[in-house]
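For reference, the structure discussed in these notes is given below.
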Amino acid sequence: DAGVIQSPRHEVTEMGQEVTLRCKPISGHNSLFWYRQTMMRGLELLIYFNNNVPIDDSGMPEDRFSAKMPNASFSTLKIQPSEPRDSAVYFCASSFFGSGANVLTFGAGSRLTVL
Amino acid sequence: ILNVEQSPQSLHVQEGDSTNFTCSFPSSNFYALHWYRWETAKSPEALFVMTLNGDEKKKGRISATLNTKEGYSYLYIKGSQPEDSATYLCASHGSSNTGKLIFGQGTTLQVKP
C-alpha cells in the first residue's frame, strides 16, 4: 500500500488565488481527516469525513475554506481566495473507524505558502 | 471543546537519560488516547492507542500509561538515544461515537549525543 497520498507537496501562490489540495486515503479506510499545522496552534483539525460524509467541519476557519469527498478514494481541500495567514502545512490522514482503534495514517503533507 | 494539553512543550536531555512527559485530557466521555511520534520533515506515526484505565503499553524503550479517571497519560523513554529526537503528540477522541481525534501541541524532545 502506498499510504496516504497528498498533492501537491509544495505550493507557492499569491494572495487572492485559489488553492486546491488533494488527498488519496488508504484503500479500505472509511474516515478521512484534514489537519493544519502551524507554529501557533500545532496540529489543528479542520474537518473530517466518515464514509465520505462530512461529520464535523467546526474547525474550518471560515467560508474561504471548503472540503469535499466525492468518493472513498479522493478528497480535496480548497481555499478561495487564499491569504498569507493560510500559509501552513496541511495534512490529510485516514483511518478505519469502527474497529475501536481508529489509528490515523498521515500523508506527507502539503506545504502552502501564500505571498 | 475538547482540550488536550501536553507538557513540557520542549525537553533537552543527554543521551542515556530517561525522560517522561505528560498528556492531560478531559476525563468525561473518554474513548481512547493515542500517542504519535513526529520526526522532523516526516509525518506523525502512531506509537500507542490506549483505552482502559490503568493500561500500560510498551514498544522497545518507550512506554506509556493511562489514567482515565483523572485524565492523564505519561510517556516514558528509557535510556534516550539521539534517534528518539522528535515531537511526541497525544490525541484524544471526543466521545465513543465519533472518530474525531484532537491533538495536543506536542512535546519536542531533543537528545544530545
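For residue A:81, indicate whether it is part of a strand (DSSP E or B) and open to solvent by 10 Å² or more (accessible area, probe 1.4 Å).
For residue A:81, the condition - part of a strand (DSSP E or B) and open to solvent by 10 Å² or more (accessible area, probe 1.4 Å) - is not met.
Out of all the residues in the stretch A:50-71, which are under 18 Å from residue A:81 (Cβ atoms) and buried (at least 18 other Cβ atoms within 10 Å of the Cβ)?
Scanning the stretch A:50-71 gives A:60, A:65, A:67.
Does residue A:47 satisfy the criteria of being among the aliphatic types (A, V, I, L, M), within 12 Å of chain B (Cβ to nearest Cβ), buried (at least 21 other Cβ atoms within 10 Å of the Cβ) and free of Cβ contacts under 8 Å to residues at least 40 places away in the same chain?
yes
So, residue A:36, is that one in contact with a helix residue (DSSP H, G or I) (Cβ under 9 Å, 6 or more places away or on another chain) and either charged (D, E, K, R) or not in a loop (DSSP other than H, G, I, E, B) (or both) or not?
Yes.
Run residue B:43 past the list (1) of a type in the set (Ser, Thr, Tyr); (2) farther than 26 Å from residue A:56 by Cβ; (3) out of contact with any Leu (no Cβ under 8 Å at 6 or more places or on another chain) and report the number of the one that doesn't hold.
Result: residue B:43 passes all but (2).
How about the stretch B:7-101: which strands (runs of 3 or more DSSP E) wholly inside it have at least 3 residues that are open to solvent by 70 Å² or more (accessible area, probe 1.4 Å) and of a type outside the set (A, V, I, L, M)?
Answer list for the stretch B:7-101: B:56-59.
Right, residue A:27: within 27 Å of residue B:35 (Cα to Cα), more than 14 Å from chain B (Cβ to nearest Cβ) and open to solvent by 30 Å² or more (accessible area, probe 1.4 Å) or not?
Judged against the criteria, residue A:27 is a match.
The values are calculated or read from the model by the stated rules, or taken from the named source; none is laboratory data. Everything numeric in this text was worked out from a predicted model, so none of it was measured. As a convention, Cβ positions derive from the backbone with ideal geometry for all residues, glycine included, and neighbour counts pool all protein chains shown. Please note that ligands, DNA and RNA were not included when accessible areas were found on the heavy atoms of the full protein model with its side chains. Shrake-Rupley method; radii C 1.70, N 1.55, O 1.52, S 1.80 Å.
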